[in-house]
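One structure is given here, and the rest of the page talks about it.
What follows draws every value from the coordinates through simple rules; no lab data is involved. On a predicted model such as this, the values are computed, not experimentally measured, just so you know. Every residue, glycine among them, receives a Cβ derived from its backbone with ideal geometry; neighbour counts consider all protein chains shown.
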Amino acid sequence: MHLRYETEHLILAIGNEAFADKINEYLIRNREDFSKWDMKLNDSYFTMDYQIRAVQAEQRIFMKAEGARYYLFLKNDLHRVIGNVSFALTDNKDEHSCIIGYKTDAAERGKGYAYEAASFMIPIVAKEYGLKRFQAEILPENLPSKALIEKLGFRFEQVIRNAHEFGTMSRDILLYVLEVK
């Protein structure tokens, strides 16, 4: 896989120290919004030191062919991260599957950027990693995420009870899958 791709509206790039500040700005800008869907993150997560270490870890994962996180930039604004799409291989390598994740800057939602990035990357990731299955884990109330994943061709498979800790409580998630031929 490449470190950078270009779609109709976007540049997708593996994170690096050169734009860790842009990643941190994106996360800070969306901290409150993302907290509805993510596990609680402490203040140290929103520091440059943490984000530099995070992109270094993401680079190691990419180089070991265990997954990839691409940050999204608009072609006409390369100074601002507007989202990300990630692929993490599952622990069971015999499954030939991965978990897809995505986020979009609150100010850029509804413009099709997450769909553009994910629909572009899924065939590339499937081919490069020899995948047969993609999985998406979604909170039941996250209707925009469910709509996106269904538009990508995923189908609902099951509810996983008490799958993740959010704050002090366990939450159910919906598991969606996409079988790749």
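For the stretch 22-31, state whether one or more residues are touching a residue at least 40 places away in the same chain (Cβ under 8 Å), in contact with a Leu (Cβ under 8 Å, 6 or more places away or on another chain) and β-branched (Val, Ile, Thr).
The answer is no, given that none of the residues of the stretch 22-31 is touching a residue at least 40 places away in the same chain (Cβ under 8 Å), in contact with a Leu (Cβ under 8 Å, 6 or more places away or on another chain) and β-branched (Val, Ile, Thr).
Identify all residues within the stretch 127-158 that are of a type in the set (A, V, I, L, M, F, W, C), touching a Leu at 6+ places or on another chain (Cβ under 6 Å) and farther than 16 Å from Leu89 by Cβ; write none if there are none.
Matches in the stretch 127-158: Ile138, Phe154.
Among the residues of the stretch 132-150, which ones are assigned to a loop (DSSP other than H, G, I, E, B) and surrounded by 12 or more Cβ atoms within 10 Å (Cβ to Cβ)?
Within the stretch 132-150, Lys132, Leu139, Asn142 qualify.
Filter the stretch 1-51 for residues that are touching a helix residue (DSSP H, G or I) at 6+ places or on another chain (Cβ under 6 Å) and of a type in the set (Ser, Thr, Tyr); which is surrounded by the most Cβ atoms within 10 Å (Cβ to Cβ)?
Among residues in the stretch 1-51 that are touching a helix residue (DSSP H, G or I) at 6+ places or on another chain (Cβ under 6 Å) and of a type in the set (Ser, Thr, Tyr), the one surrounded by the most Cβ atoms within 10 Å (Cβ to Cβ) is Tyr50.
Could you list, in sequence order, the residues of the stretch 103-120 that are within 11 Å of the chain's Cα centre (by Cα) and outside any strand (DSSP E or B)?
If the condition is that a residue be within 11 Å of the chain's Cα centre (by Cα) and outside any strand (DSSP E or B), then Ala114, Ala117, Ala118 are the ones that fit.
Does at least one position in the stretch 122-144 carry a residue that is acidic (Asp, Glu), touching a residue at least 40 places away in the same chain (Cβ under 8 Å) and either farther than 27 Å from Glu8 by Cα or out of contact with any strand residue (DSSP E or B) (no Cβ under 6 Å at 6 or more places or on another chain) (or both)?
Scanning the stretch 122-144 turns up at least one residue that is acidic (Asp, Glu), touching a residue at least 40 places away in the same chain (Cβ under 8 Å) and either farther than 27 Å from Glu8 by Cα or out of contact with any strand residue (DSSP E or B) (no Cβ under 6 Å at 6 or more places or on another chain) (or both).
Count, please, the residues in the stretch 121-131 that happen to be under 16 Å from the mean Cα position of the chain (by Cα) and surrounded by fewer than 19 Cβ atoms within 10 Å (Cβ to Cβ).
The number of residues fulfilling the criteria is 2.
Of the residues Leu41, Leu27, which is under 22 Å from His164 (Cα atoms) and in a loop (DSSP other than H, G, I, E, B)?
Exactly one of Leu41, Leu27 is under 22 Å from His164 (Cα atoms) and in a loop (DSSP other than H, G, I, E, B), namely Leu41.
Within the stretch 151-173, count every residue that is surrounded by 14 or more Cβ atoms within 10 Å (Cβ to Cβ) and either assigned to a helix (DSSP H, G or I) or of a type in the set (A, V, I, L, M) (or both).
Final tally of qualifying residues: 3.
A quick yes/no check of all residues on (1) over 12 Å from the mean Cα position of the chain (by Cα); (2) surrounded by 15 or more Cβ atoms within 10 Å (Cβ to Cβ); (3) over 21 Å from Pro123 (Cα atoms):
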position: Arg53; (1), (2), (3): yes, no, yes
position: Arg60; (1), (2), (3): yes, no, yes
position: Arg69; (1), (2), (3): no, yes, no
position: Arg80; (1), (2), (3): yes, yes, yes
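Check Arg80, Arg69 and return the single one that is over 16 Å from Met1 (Cβ atoms), among the basic types (Lys, Arg) and either touching a residue at least 60 places away in the same chain (Cβ under 8 Å) or in a strand (DSSP E or B) (or both).
Arg80
What number of residues within the stretch 83-102 are part of a loop (DSSP other than H, G, I, E, B) and either of a type in the set (Ser, Thr, Tyr) or crowded, with 23+ Cβ neighbours inside 10 Å (or both)?
Number of matching residues: 1.
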